[in-house]
Amino acid sequence: MKEKIFIEGGKRLSGSIPISGAKNSCLTLMPASLLSEGALTLNNVPNLSDVDTMKELLESLGCVVCHQKINKTLHLKQSDEPLLLADYEIVKKMRASILVLGPLLARFGQAVVALPGGCAIGARPVNLHLMALEALGASFSIENGYVKGNVAKTLKGSKINFPFESVGATANTIMAAVLAKGTSELVNVAREPEIVDLCKCLKSMGCKIEGEGERTIIIEGVDNLKEATHNVVMDRIELGTFLIAGAISNSDLELTGGNITMLENFVNKLYEVGIEVCQSESNIRVRRIDSASINCTNVLTEPFPGFPTDLQAQMMALLSLADGVSSIEEQIFENRFMHVPELIRMGANIEISGRKATISGVDRLRGAQVKATDLRASVSLVLAALAAEGQTEIDKIHHIDRGYEDIIKKLADCGAQIKRY
Ligand code: EPZ
C-alpha cells in the first residue's frame, strides 16, 4: 500500500529546522567525479532518492561510490575502464542523468546516454547541451532514444554563446571544457549558486576557471585532475520552502545552517507580502510583520538572481491566503502549474491563462484529499495543508522524497501535526 502524508492544519509551529545540503548541487557534483583519476569526497550530502539514483547511475558506469548516510558523506572514484552507457532504465527516473555526458566525453572520448524525455513540468529538451559540446569538438547521433557521442582526439577549447541561460547545459559544458585543450569562453551562462559550487569543487580538483557566478566563464583546460574533498552548498530551495512554512502557518521559526544572500530576490518578495526574514550568523528567523495579514504581490520567475522557479509553487500556496489579488508568471517551464487544481481542491481561488496564474486570496483553506505531481508541487500542498482547517491527505508522495530530506520529522519537531503512512 503506497504511503500518504496526513496533516492536521491550523497549528502554529515553533522551534528550529536545520537546512540540508543542496540536491541540485549534489546532482551536478557527483558526475564531476567521472573527470578525475583521483577520488572525490563530498560532505554535507542530503539523503534523498535522487542522490541514490545518481549513485546507481555512476555505479552502472563503473564508478565506485561509498555513501555514508550517517555522516552525509560520499566517496566517489571512477575506474580507468569505465562503462560508457547510461541506461534508459535509470535515466528515465531522473533528468539530471544527462550530466554524465560532458564528463564522459571529456575524459573517455565516448558516451552513450539515454535521452531523458519530457517531464511533468515541461518538454525540457537537451539541444543546448549538445550544441555546446559540439562546439568543443564532440559529434553526436541520436539512435533508438540514445545520444551517441564521440570525440575524435580530444575536446578543444572554444567560445560558446548560449542563447539563454540553462543550468544543466552550463554545468555539462563546464565539466567538458575543464579537460579540453586550450581556452573556452562560455557566454550567457547560468549564474545559479549551484554552478558556483560546481566551479569551486572543480578548482579544488585542479581546474582553471574564472568568472563563475557571472555571465561569462573562462576555462583553461588541464590534462588531469586530482583527489579532492568538497562541502556541498546549503539548499536554498529547501530554505525558501521552510521560510514559507513559517509564514503560512503564522509561526516564529528558526532555520539553521542557511544563508539568505542566495535568496535575495525571494526574501525581498516575502518582505513585500509582510514576512520578515532576519539572518544572524547562520541562524535565520522568519515571522509575519503583522500576524493577521499577508499582502498580495506579483511574481515573475527568472534565472538566478531572479525569483527561482523552484519556489513558485510554494509562493502560490502562500499567496492563496493573501489580502487581494496576486499574479505569478512562470517564465522558465511551460507546464509548471500542476499544483493549481490541487490547491483549488483545498479552497484556493486561482485562474490560469497560459503561463500566468491569477490568485485571488481567500480567508482560509480547508483540508482535502490531494495528489502530488512533481517535487515542488508536492511540497506546496504540504505548506497549504499546514495552514488549512482540518485534515489534508496527500497522495503520490514519492515526489517529495526526491528533494526534501526528513521533511516530516523536521516539521513534526516544530509541532506540526504531520504523519506519513
Ligand atoms: C535545473 O534544471 C534544476 N534541476 C531545476 O530544478 C530548476 O528548475 C532549473 O535548473 C531552473 O532553475 C537540477 O539542477 C537537477 P535549465 P535544468 O536547463 O538544468 C530549457 C527542482 O525542482 N532548455 O536551466 O534542467 C528548459 O526546457 C528542479 O529541483 C532547453 O530548451 O534547467 C527550460 O525551459 C526542477 N534546452 C529552461 O531551458 C536545453 O538544452 C531552463 O532549463 C536546456 C534547457
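Just so you know, all these numbers are worked out from the coordinates, no wet-lab data involved. This one's a predicted model, so the numbers in the text were calculated from it and none came from an experiment. Don't worry about glycine lacking a Cβ; one is built from the backbone with ideal geometry, like all the others, and counts go over all protein chains shown.
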Query raised in the report: If the cut-off is a Cα-Cα distance under 20 Å, which lysines reach Lys11, setting aside same-chain residues fewer than 8 apart in sequence?
Result: Lys409, Lys410, Lys419
Query raised in the report: Can you tell which of Ser36, Val65, Ala22 lies farthest toward the positive end of the dipole of region 1-92, using +1 and -1 charges on the Cβ of basic and acidic side chains (Lys, Arg; Asp, Glu)?
Result: Ala22
Query - Ranking of Met338, Met346, Met205 by count of other Cβ atoms within 10 Å, fewest first - result: Met338, Met205, Met346
Query - Max mean-square fluctuation residue, GNM over the chain, Cα-Cα springs under 10 Å, options Pro193, Pro163, Pro103 - result: Pro163
Requested in this report: Sort Cys26, Cys199 so that the residue with the fewest other Cβ atoms within 10 Å of its own Cβ comes first and the one with the most comes last.
Outcome: Cys199, Cys26
Query raised in the report: How many Å³ per residue does the convex hull of the Cα positions in the chain occupy?
Result: 128
Query raised in the report: Can you work out ³J(HN,Hα) from phi for every residue in region 292-302, in order, using Karplus 6.51 cos²θ - 1.76 cosθ + 1.60 and θ = phi - 60°, giving whole Hz and x for Gly and Pro?
Result: 8, 9, 10, 7, 8, 6, 10, 10, 10, 7, 8
Query raised in the report: In straight Cα distance, which lysines are under 24 Å from Lys181, not counting same-chain residues fewer than 8 positions off?
Result: Lys77, Lys148, Lys153, Lys156, Lys159, Lys200, Lys203, Lys208, Lys226
Report summary line: Applied in sequence order to region 277-290, the curve 6.51 cos²θ - 1.76 cosθ + 1.60 (Karplus, θ = phi - 60°) yields integer Hz couplings, x standing for Gly and Pro, of 10, 10, 10, 9, 6, 10, 9, 10, 10, 10, 6, 6, 6, 10
Query - Neighbour-count ranking [beta-carbon atoms within 10 angstrom, fewest first] of Phe164, Phe140 - result: Phe164, Phe140
Query raised in the report: Which of these, Arg336, Arg124, Arg12, has the largest mean-square fluctuation under a Gaussian network model of the chain (Cα springs below 10 Å)?
Result: Arg124
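Would you please name the trypsin sites (Lys or Arg not before Pro) within region 106-212 that are DSSP coil residues with at most 13 other C-beta atoms within 10 Å of their C-beta? Walk me through the numbers before you get to the answer.
Numbers: sites: Arg107, Lys148, Lys153, Lys156, Lys159, Lys181, Arg191, Lys200, Lys203, Lys208; in loops: Lys153, Arg191.
For trypsin sites (Lys or Arg not before Pro) across region 106-212 that sit outside H, G, I, E and B with at most 13 neighbouring Cβ atoms in 10 Å, the list reads Lys153.
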